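*Asks:* Structure incoming, see below.
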Amino acid sequence: MLLPFTIFLTYSILDSVTCKTSNIIPLTYDLLFKLPIIDFNGFSGSMVLHFNLTSLSQNISLDSVDLHSFKNISLINTIDLSHPKIDSIRILREKVEFTFEKSLFPGQYLLTVGEYNGRIRDGSEGLFERKSPLLYTTHLQPNFARRLFPCIDSPAVKSIFRVSVVHPTDTVAQSNTIAMDVHIESKEWQRTIFSATPQIPAYLLAFSVMPDTTLQLSRQTSFGVTVRVHGAKRATTIRVLDCALASFEILAGLVDVPLPLNKIDFILVPQYDGGMENWGHIAISEELAVNGDDAHMIYLIAHEIAHHWIGNRVTVSSWQYICLQEDLADWLALKAVKALLTDEIKLQRFQLSQYVEIQLVEDFLSPNHSLLMPEEVNQELINRHCYLKGVVLLDTLESVVGEQFMISVIKSLVGSHSSFNLTTFTSYFDQIRVDRNATVGQIYEYWFTQGGYPSILVENNGPSSRLQQLSKPLWPLKMTSTLSIPQFVFSESIVFASETAPLLVNLNFTSFMRVNYDSMTWAAIFKYMYEEPELFSAVGRAQLVSDFCYFYAHDNIENGHIIKDAVMDMIYTQPKYFELCDWNLYWCNSKSDKSLLSQILQSLAYRFSAFDSSSDFGCKNGQAAYNLNQMCDKLFGRKCI
């Protein structure tokens, strides 16, 4: 580190937030972290930032939250080696601003922060700790890098990071890349120095410090990347390693774009929701690794690995498009789930859990939401909008253009771009027309940006069937049906000949829409389902029950109470075919009163937590429904479902 001189600095603490910096392009960060500092339950850091200043400015403003005690600040102009003199530091609510005596001309500079301090938290944001077993690790998405070091904390800004960690001698440190050197500094402290990362956004930087007794198991993929898993229990560590290795092989073969890494770590984190795709240093929930079913385990691990292509190698240019990034990673991960999960019942159960989570989000957590996010997001907002209907929309897109075309789009994104947005993605589909007035790219853009949950009414009247869109505005709807009808429906109402059989659409939830039928068709559907339940998939049964109950609760079905009684009788006499029935029957049981379930679900984090264990799925006796009703009973004095 360069420390050409030391000056005394005065600080001012302000409540205001300065405008976003646009004239600093970080090139490299050299970072040193020392932890834990017991005196204030935190860490100390130092930094050398090599950056390009693109316009005349007297200030250098970096994203910074809860960082303090900045010392030994200096700046070097790398062209003429001059040392601009610093005048003051202002610590704002989400910025630290270094002001210089004279304006800085455009060019390249080295900013040295000799020392600063920050907090170690007990949640799951920034740098945080777990005490049993001891673990210090990081989670910086979406905007928590600024709690670890002063930076430009934006997904569009990528830099090279060189990290060193000073940690107790009875611990080991891991980071995004391999350790180049470890040396002892004193009886209490040792320093681990890691090789440089490729260009990544700040939120993907990561490191962990854990006891040197932590179990590490590793194996190498067929393409030369070492997969390492760090955990407390051997059986769990082996389970994660097996799953990670198999998932990595599947995804690498599918995407077929090499990644510039030689190892990938999996850190099992207690009391942690889901996972985080840090470059080469993935964090995943220890609880899910121990108790989750095979499908959710594969899904979580494959999702985080898939992000190394979509999210890490190519990253969204703004958090507005985070759902596109998450949903593309999900789309890839589901390919791994289907390839690796040979048990059809387990696969259908997993698909059922995804369907039910979509209904919960659309009805209660984020009704009428768009996949286009605001510029400033938080993890809760991401969890309530991404991973769900957007994945269904990508599946629908695949049904139009084919799997190979979709994979070719991902290959091109990863191979040709450092960042992308919605326009970048839809441009690949702009030459594919569905009629004279619409391309596939335009249709997907509408799906992505339009809020709401489209619904249709299908009326079968003897020799003809009528399909009517109930939603406003009208959606371009991709149709799958039992009869030969157009691939897309754009109009409000359309009539088809149906002399041989009734028109049934969107079976198995192949497109994102609800479907209502006339009373006679509903009665015929459930009669057939009662007699031949095995001929419907788990999602198919749940979807028809859920759609019926929704429209029944909103008084859209003539004589609906009669059909409702038959549906309830069918489910409760054959509960093994209707797992998670409590959730799909909610509207039948509660009519239009959704207040209790809505209130309780607003306080729950559903990502990776609702239905990830086989005990959750029972009809009338599922653990997920039981736990929710126990909570509702305590809060409201009655059940929610």
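Just so you know, all these numbers are worked out from the coordinates, no wet-lab data involved. Keep in mind it's a predicted model, so treat the numbers as computed, not measured. Neighbour counts run over all protein chains shown; Cβ positions are idealised from the backbone, glycine included.
*Asks:* Rank LEU134, VAL377, ASN77 by how far each Cα sits towards the positive end of the charge dipole of the chain (+1 on Lys, Arg Cβ; -1 on Asp, Glu Cβ) and give me just the farthest.
*Replies:* The listed residue farthest towards the positive side: ASN77.
*Asks:* Moving on. To one decimal place, what orientation-averaged projected area in nm² is obtained for the convex hull of the Cα set of the range 454-511?
*Replies:* Values: hull surface 14.1 nm².
Taking a quarter of the hull surface, the average projection is 3.5 nm².
*Asks:* Something else: Using a cut-off of 16 Å between alpha-carbon atoms, which aspartates and glutamates can reach LYS95, once sequence neighbours fewer than 8 places away in the same chain are excluded?
*Replies:* Straight-distance partners of LYS95: ASP15, ASP63, ASP66, ASP153, GLU376.
*Asks:* While we're on this one: Take the range 387-456, drop everything but the C-alpha atoms, weight them equally and run the Debye formula without solvent; then report log10 I(q)/I(0) at 0.11, 0.18, 0.20 Å⁻¹ to two decimals.
*Replies:* Calculated log10 I(q)/I(0) at the listed q: -0.28, -0.74, -0.91.
*Asks:* Return one number: the angle in degrees, 0 to 90 and rounded to the nearest 10, between the long axis of the Cα atoms of helix 344-360 and the longest principal axis of the Cα atoms of the chain.
*Replies:* Approximately 80 degrees, to the nearest ten.
*Asks:* When only alpha-carbon atoms are used, what values of Rg and Dmax, in angstrom, describe the chain?
*Replies:* Expressed in Å, the Cα Rg and Dmax of the chain come to 27.2, 89.
*Asks:* Continuing with the same structure: Antiparallel DSSP bridges in the chain: what percent, to the nearest 5?
*Replies:* For the chain, the DSSP antiparallel bridge percentage is about 75.
*Asks:* Right, here's the next one. Applying the Karplus parametrisation 6.51 cos²θ - 1.76 cosθ + 1.60 with θ = phi - 60° to the phi angles of the range 450-457, what ³J(HN,Hα) value in whole Hz is obtained for each residue in order, glycine and proline being reported as x?
*Replies:* Taking θ as phi minus 60°, the curve returns 8, x, x, 10, x, 9, 9, 10 Hz for the range 450-457.
*Asks:* Karplus couplings for the range 115-120 from phi (6.51 cos²θ - 1.76 cosθ + 1.60, θ = phi - 60°), rounded to Hz, Gly and Pro as x?
*Replies:* With the stated coefficients, the range 115-120 comes to 6, 7, 10, x, 9, 9 Hz.
*Asks:* Within the P(r) computed for the range 254-334, what percentage of the Cα pairs occupies the region above 14 Å? Please report the intermediate quantities before stating the final value.
*Replies:* Working: 2023 of 3240 pairs.
When all Cα pairs of the range 254-334 are counted, 62 percent exceed 14 Å.
*Asks:* Tell me the label-point distance for the pair ASN52, ASP80, using the 7 Å Cα-to-Cβ offset, in nm and rounded to one decimal.
*Replies:* Once both label points are built, they end up 2.1 nm from each other.
*Asks:* Fully extended, how many nm does the chain gain between GLU532 and THR221 (0.36 nm per residue separation, minus their Cα-Cα distance)?
*Replies:* Values: separation 311, 0.36 × 311 = 111.96 nm, distance 4.49 nm.
So the extension gain works out to 107.5 nm.
*Asks:* Can you give me the relative contact order of the chain as a percent, contacts being Cα pairs under 8 Å and 6 or more apart? Could the numbers behind the result be given before it?
*Replies:* On the way: 1301 pairs, mean separation 52.8, N = 641.
Relative CO of the chain lands at 8 percent.
*Asks:* Can you give the helix-only mean residue ellipticity at 222 nm for the chain, where every DSSP H stretch with n ≥ 4 adds -39500 (n - 2.57) and the sum goes over all residues, rounded to the nearest 500 deg cm²/dmol?
*Replies:* Numbers: 17 runs with 200 residues, N = 641.
Computed ellipticity for the chain at 222 nm equals -9500 deg cm²/dmol.
*Asks:* Within the range 336-403, which GluC sites (Glu not before Pro) sit in a loop by DSSP and count at most 15 neighbouring Cβ atoms inside 10 Å? Intermediate results must be reported in sequence, preceding the final value.
*Replies:* On the way: sites: GLU344, GLU357, GLU362, GLU375, GLU376, GLU380, GLU398, GLU403; in loops: GLU375, GLU376.
Sites meeting the loop and neighbour criteria: GLU375, GLU376.
*Asks:* Where nothing but the Cβ of Lys and Arg (+1) and of Asp and Glu (-1) is charged, how large is the charge dipole of the chain around its Cα centre, in debye to the nearest 20? Please list the in-between numbers first.
*Replies:* Values: 49 positive and 66 negative charges, 186 e Å.
Roughly 900 debye, rounded to the nearest 20.
*Asks:* Let me ask another. Which whole-number percentage describes the relative contact order of the range 454-511, with Cα contacts under 8 Å and a sequence gap of 6 or more?
*Replies:* Numbers: 104 pairs, mean separation 21.5, N = 58.
RCO, the range 454-511: 37 percent.
*Asks:* Fully extended, how many nm does the chain gain between ARG191 and THR449 (0.36 nm per residue separation, minus their Cα-Cα distance)?
*Replies:* Details: separation 258, 0.36 × 258 = 92.88 nm, distance 4.81 nm.
Fully extending the segment from ARG191 to THR449 adds 88.1 nm.
*Asks:* Roughly how compact is the range 316-434, stated as its Cα Rg over 2.2 N^0.38 Å to two decimals? Can you show the working numbers first?
*Replies:* Working: Rg = 15.1 Å, N = 119, 2.2 N^0.38 = 13.5 Å.
In units of the 2.2 N^0.38 Å rule of thumb, it is 1.12.
*Asks:* Find the relative contact order for the range 316-434 and round it to a whole percent, using C-alpha pairs within less than 8 Å whose residues are 6+ positions apart. All intermediate terms of the calculation are to be shown ahead of the outcome.
*Replies:* Numbers: 81 pairs, mean separation 48.9, N = 119.
Contact order relative to length: 41 percent.
*Asks:* Straight-line reach only, C-alpha to C-alpha below 17 angstrom: list the aspartates and glutamates that LYS263 could link to, leaving out same-chain residues fewer than 8 apart.
*Replies:* ASP181, ASP242, GLU249, GLU277, GLU304
*Asks:* Specify the angular offset, from 0 to 90 degrees and rounded to the nearest 10, of the alpha carbon long axis of helix 519-531 from the longest principal axis of the alpha carbons in the chain.
*Replies:* 80 degrees
*Asks:* Here is a further query. What is the antiparallel percent of DSSP beta bridges lying wholly in the range 264-360, to the nearest 5?
*Replies:* Working: 2 of 8 bridges.
Looking only at bridges with both residues in the range 264-360, the antiparallel portion is about 25 percent.
*Asks:* For the pairs LYS34/LYS131; LYS338/LYS389; LYS478/LYS564; LYS346/LYS576, flag any whose C-alpha to C-alpha distance is greater than 21 Å. Don't jump to the answer; show the numbers that get you there.
*Replies:* On the way: LYS34/LYS131 18 Å; LYS338/LYS389 19 Å; LYS478/LYS564 29 Å; LYS346/LYS576 14 Å.
Long pairs (Cα-Cα over 21 Å): LYS478/LYS564.
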